[in-house]
1. Give me the percent of accessible area attributable to carbon and sulfur for the chain, probe 1.4 angstrom.
2. To the nearest 20 Debye, how big is the dipole of the chain about its Cα centre, given +1 on the beta carbon of each Lys and Arg and -1 on that of each Asp and Glu?
3. Which aspartates and glutamates have a Cα lying under 17 Å from the Cα of residue 86, excluding residues fewer than 8 positions away in the same chain?
4. Over the chain, what number does the Rg to Rh ratio reach, with both radii from the alpha-carbon atoms and Rh per Kirkwood?
5. Leaving ligands, DNA and RNA out of it, rank 85, 18 by accessible area with a 1.4 Å probe, largest first.
6. When we measure straight from the Cα of residue 75, which lysines land under 29 angstrom away, once same-chain ones fewer than 8 places off are left out?
7. Give me the Å³ per residue figure for the convex hull around the C-alpha atoms of the stretch 1-61.
8. Which three lengths, in whole Å and largest first, does the stretch 34-81 cover when its Cα atoms are put on their principal axes?
Amino acid sequence: QVQVVESGGGLVQPGGSLTLSCAASGRISRLNVMAWYRQAPGKRRDLVASIAGSSSTFYLDSVKGRFTISRDNAKNTVYLHMNSLKPDDTAVYYCNANLDSYDSDYSGIYWGQGTQVTVSS
């Protein structure tokens, strides 16, 4: 069985920083594309950042230069380092993991449960 769990959300003042973590556990043979999405109340879920391999990354225009996605394959973990946070960054952030399992029945795309990020003074 495979699980994907996020952590690191919270309340932060504008201009502050947070780092989100997403850990995949289970019989995982390989992490493929890993990504972070976010969804604010009443809005659609948007792709914020993704990473394929160790260096191929994508960022939403509004977070470029402020957010950095990284991964630690040895820990099956992906991170989202968020700096210069703005109130518009307030949302539930979801991890999306495309992975292979030693048990092929569990290979596929997984979503975490979401972690709330609130940027407010």
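The values are calculated or read from the model by the stated rules, or taken from the named source; none is laboratory data. Since the structure is predicted, the reported quantities are computational estimates derived from the model, not experimental observations. Every residue, glycine as well, gets a Cβ built from its backbone with ideal geometry; the counts of neighbours run over all protein chains shown. These accessible areas exclude ligands, DNA and RNA; they are computed on the full protein's heavy atoms, side chains included. Shrake-Rupley method; radii C 1.70, N 1.55, O 1.52, S 1.80 Å.
1. Numbers: 2940 of 6420 Å².
Exposed carbon and sulfur together represent 46 percent of the surface.
2. Roughly 200 debye for the chain.
3. 46, 61
4. Values: Rg = 14.1 Å, Rh = 14.4 Å.
Result for the chain is an Rg/Rh of 0.98.
5. Values: 85 5, 18 35 Å².
Output order, biggest surface exposure first: 18, 85.
6. Residue 75 reaches 64.
7. Values: hull volume 8.0 nm³, N = 61.
Normalising the Cα hull of the stretch 1-61 by residue number yields 131 Å³.
8. For the stretch 34-81, the Cα extents along the three principal axes come out at 37, 20, 16 Å.
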